[in-house]
1. Between a first residue in segment 14-27 that is β-branched (Val, Ile, Thr) and a second residue that is in a helix (DSSP H, G or I) and surrounded by 14 or more Cβ atoms within 10 Å (Cβ to Cβ), which pairs have beta carbons less than 8 Å apart while being 6 or more apart in sequence or on different chains?
2. Working carefully through the options Val137, Val154, find the one that is assigned to a helix (DSSP H, G or I) and out of contact with any Leu (no Cβ under 7 Å at 6 or more places or on another chain).
3. In this structure, does Asp90 turn out to be in contact with a Pro (Cβ under 6 Å, 6 or more places away or on another chain), among the acidic types (Asp, Glu) and in a helix (DSSP H, G or I)?
4. Considering only residues that are assigned to a helix (DSSP H, G or I) and of a type in the set (Ser, Thr, Tyr), which ones fall in segment 93-132?
5. Test each condition in (1) modelled with pLDDT of 90 or more; (2) under 18 Å from Gln13 (Cα atoms); (3) surrounded by fewer than 18 Cβ atoms within 10 Å (Cβ to Cβ) for Leu157 and report the one that comes out false.
6. Could you give me the residue pairs with C-beta distances under 8 Å whose first residue belongs to segment 110-128 and is more than 13 Å from Gly151 (Cβ to Cβ), whose second residue is of a type in the set (Ser, Thr, Tyr) wherever it lies, and which are 6+ apart or on separate chains?
7. Return a yes/no flag: does segment 167-176 have any residue that is on the phi > 0 side of the Ramachandran plot, surrounded by fewer than 19 Cβ atoms within 10 Å (Cβ to Cβ) and at pLDDT 95 or above.
8. Any chance you could count how many residues in segment 80-106 are at pLDDT 90 or above and within 16 Å of the chain's Cα centre (by Cα)?
Amino acid sequence: MNDGLSTAAPESQVARVLRHVRRSAAIAAGFAMLLMMLAGALDVIGTNVFAKPVPAAFEFMATAMVVVIFFSVALAQAQRVHIRVAILTDRLPRWLQWVADVFQYLCNLTFFALIAWFGWKSGLRSFEVGEYVSGSVNWPTFPARFALAIGASVMVLQCLYDLIGHMLGRRDAAETARAIDRAPR
């Protein structure tokens, strides 16, 4: 039985740890999505049936949205399911495709490193000064900022791992190998 992994090298310790971190973040993102749906449904029911909205439902859902988005981005990167426009790059010679991939990894790495840096800096400041969003309940802003920083940091690790692996010609993450094997050619 061919499981699609026959072309992949054995998974390294670094790949295993990164896979565990990515999947844990994705599980947290799924849990946050579930809580968002529950909070939204309860808020709609509370508002329309009992004329009492759930206090801070909007603020909670905004924080959970950050978790959903930033905690799942590294898994999407590892599985190569981000939107990719390959009209031009597929027509390039192999060596230029390799250069374009390195450039893409460097751009992603830089972009998410800046987001992570800003997120950590902003989250720490928000926590130190006790920043919050005013509303029926004063909602702290630092959890969303730390969630952004954590998710972007995991993406930085994934981009760095992918860049190094690409430059070494290595594909040892099982999810990456499966995604490449499934990709249309």
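1. Val14/Tyr161; Val21/Ala74; Val21/Val154; Val21/Leu157
2. Exactly one residue qualifies, and that residue is Val154.
3. Criteria not met by Asp90.
4. Once the filter is applied, which keeps residues that are assigned to a helix (DSSP H, G or I) and of a type in the set (Ser, Thr, Tyr), segment 93-132 yields Tyr105, Thr110, Ser122, Ser126.
5. All conditions are met except number (3).
6. Ser126/Thr141
7. No.
8. 1
The values are calculated or read from the model by the stated rules, or taken from the named source; none is laboratory data. All values derive from a computational prediction rather than experimental measurement. Positions of Cβ are generated from backbone atoms using ideal geometry, with glycine treated the same way; all protein chains shown enter the neighbour counts.
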